[in-house]
């Protein structure tokens, strides 16, 4: 591994970027995830920045159930993220399908489509729980990034 | 308790809806109450100055005339009913061909009943 | 470059939710826009087949997290009408208080997202900071920040004591101070005006013909507000719909901003008039039978529930027409003719709630 790769790896470990994707959530978890970025909770103090491009992202936050149409979008987003990457599933729906698990168009939790590293429970998940999940994901991400070095 | 609604059939539908538009009513939505092999029952809701009026349409089979030509906003709800109940709206623009929410014409409409719709008491 | 089709979404930085638009563009100008859906569709109306009519309250609360309280309220009011139950006076006033708290947090959320869509990130942060006070009130009074779960058939599950109402009033004074301090920026800032004035304008007749609801309709000069129906305790409170004439994005922004003050006024009136008594009536007897249409005003506009019951535990049909569902057709008229860079602003001006739209 060259010097530049090591430099990039160090930078990514210190400041991983977040991508948020709403799979099929009722918005409850989404607005709580957004609330995490705003002054009262301010997840950016851990060095993370919310981005819109999967190719720039290290951590994928997924809220809501997977349905028959968005599972392809979710898989594509995951594919586009560079290695190493960490996935955080947020809310009861993201974990198992939650209250919607028996609805006709619902596949189930996020882990039916992509591997999930951190599960954050709650309906909707509280901002504190989401921050806790992100911090756990940061540790996992650093572990994965160091393993590649 | 039932909703007071004028009962119409599909021949009268467009004229009845156009009459609502001429009165300056706002198109609220269409509700498909139920559909199966024998036919379907739909409710058309209109609003004028906070008062709702309804039309109750019963059709035999799955062909329904579209009211898109009168109220263009109806395209969304008509496509939704196509998805959920497997009905066909004639003259629907744009027609998503049952891909608005679901996978297309080979998917099963989840809300369609196997038995008959409940008859009115 | 004629006939270039640009996909917008489903994953897009400006949209918190997945909505897909196929934009046909010529140079930088949008020629036509076709929305595509299905990324949030769950089919939850179908859950009425396996959840009984009481359990469905929890399901309809999750149609949309932003207006969950008013979804449950509309559903409960429909069933109460069907079963011939009259909620207690105290419950009706408490419902107004929580409804207006929901409207406040939803409008602050929207103003923030709208500012973000214009690229005004500091305003977004400021507005969401103010909004957290409302979330604290929600949590302290209902036990949850977003999904309040306060409605039951026949009333509400929770009560407010005098200490809590006094605290709510003092918090609301802070909230009012918070957003009033930003009113000059939101309403009179040069950049905001440049991005919103004259964009996506709908005339009065267009808005009526497209079936727009709520702030969209009111921004185009139509004075329509479902709260005028007088459901819950709105019939005993004084307010008038906020109406603007221009019908553009700026007018919608003004309507929603003015409704913040209106909601605070309604909460103050409701707390001042809050009658003593029980918060709910016991529900006995047979399950509901018959059909009913219930309407209420959500932050985004008129919400319509159609409920058909057959006297059994499970409902025959539950149909939910949400406000965004009624506002989406307007997009196909507003987007053509505007520049690509203005698409996010016009799109957000309808306050899209995709999980409502697709259910």
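Could you let me know the centre-to-centre spacing of the stretch A:93-149 and the stretch C:99-159, using Cα atoms, in angstrom? Each part reduced to its Cα centre gives a spacing of 24 Å. Cα centroid distance between the stretch C:261-312 and the stretch A:1-43, in Å? Answer, in whole Å: 40. Once the Cα atoms are used to define both axes, helix C:68-83 deviates from the longest principal axis of chain C by about 50 degrees.
Averaged over peptide C:145-153, the number of partner chain Cβ atoms lying within 10 Å of each residue's Cβ comes to 3.
Remark: C:81, A:72, C:358 ranked as A:72, C:81, C:358, counting other beta-carbon atoms within 10 Å and listing the fewest first.
Among the residues of C:241-248, the average count of other protein chain beta-carbon atoms within 10 Å of the residue beta-carbon is 0. Label point of residue C:239 set 7 angstrom out along Cα-Cβ; within the stretch C:151-174, amide nitrogens under 17 Å from it belong to C:169, C:172-173. Fewest neighbouring Cβ atoms within 10 Å first, the residues B:53, C:349, C:183, C:162 line up as C:162, C:183, B:53, C:349. Note on the protein assembly as shown: along the principal axes its Cα atoms extend 79, 59, 49 Å, ordered by decreasing extent. A protection proxy built from the mean count of other Cβ atoms within 10 Å ranks the segments B:3-12, B:87-96, B:71-80, A:59-68, most packed first, as A:59-68, B:71-80, B:87-96, B:3-12.
Go ahead and run the numbers for FRET between residue B:60 and residue B:22, Cβ-Cβ distance against an R0 of 22 Å, rounding to 0.05. Step by step, r from the Cβ atoms, then E = 0.20.
Of the residues C:181, C:233, C:201, the one that moves most in a GNM of chain C with alpha-carbon contacts below 10 Å is C:181.
Legend: mean number of C-beta atoms from other chains within 10 angstrom of residue C-beta atoms, peptide A:100-109, equals 6. For chain C, the longest principal axis of the C-alpha atoms and the axis of helix C:121-142 are separated by about 10°. Across the stretch C:238-342, Cα pairs under 8 Å and at least six residues apart give a relative contact order of 14 percent. Computed from Cα positions, the angle between helix C:89-117 and the longest principal axis of chain C comes to roughly 20 degrees. Across the stretch C:276-316, the residues whose backbone nitrogen lies under 11 Å from the label position 7 Å along the beta-carbon direction of residue C:55 are C:314.
Percent of C-alpha pairs per 5 Å bin in the stretch A:16-148, short distances first: 2, 12, 23, 25, 21, 12, 5, 1, 0.
Each peptide among A:98-108, B:32-42 gets the average number of other Cβ atoms lying within 10 Å of its residues, and from highest to lowest they stand as A:98-108, B:32-42.
Can you tell me what share of the DSSP beta bridges in the stretch B:6-90 is antiparallel? A percent to the nearest 5 is fine.
Of those bridges, close to 75 percent are antiparallel.
Across the stretch A:16-148, the mean sequence separation of Cα contacts (distance under 8 Å, 6 or more residues apart), normalised by length, yields a relative contact order of 28 percent.
Site pair residue B:97 and residue C:289 shows an inter-label distance of 4.6 nm when each label is modelled 7 Å from Cα along Cα→Cβ. For the stretch C:4-349, the convex hull drawn through the C-alpha positions has a volume of 125 cubic angstrom per residue. Projection of the Cα convex hull of the stretch C:223-308, averaged over all directions and equal to a quarter of that hull's surface, yields 7.6 nm². The packing ranking of peptides A:135-145, A:82-92, highest mean first, is A:82-92, A:135-145, where packing means the average number of other beta carbon atoms within 10 angstrom of each residue. Spin-label model, residue B:49 to residue C:129: label points 7 Å out along the Cα-to-beta-carbon direction sit 4.8 nm apart. The residues C:5, B:81, when put in order of fewest to most other Cβ atoms within 10 Å, stand as C:5, B:81. Figure legend: label point modelled 7 angstrom from the Cα of residue C:273 along Cα→Cβ; residues of the stretch C:91-119 with amide N under 17 Å from it are C:91-101.
Which whole-number percent is the relative contact order of chain C (Cα, under 8 Å, 6+ apart)?
26
Placing pseudo-labels 7 Å out from each Cα toward the beta carbon at residue C:341 and residue C:193 gives an inter-label distance of 1.9 nm. Diffusion coefficient (Stokes-Einstein, Kirkwood radius over C-alpha pairs, 10 °C, 1.306 mPa s) for chain B: 108 µm²/s, rounded to a whole number.
Each reported figure results from applying straightforward, stated rules to the coordinates on display, with no laboratory input. The structure displayed is predicted, hence computed values, not measured ones. With ideal geometry, Cβ positions are generated from the backbone for all residues, glycine too; neighbour counts draw on all protein chains shown.
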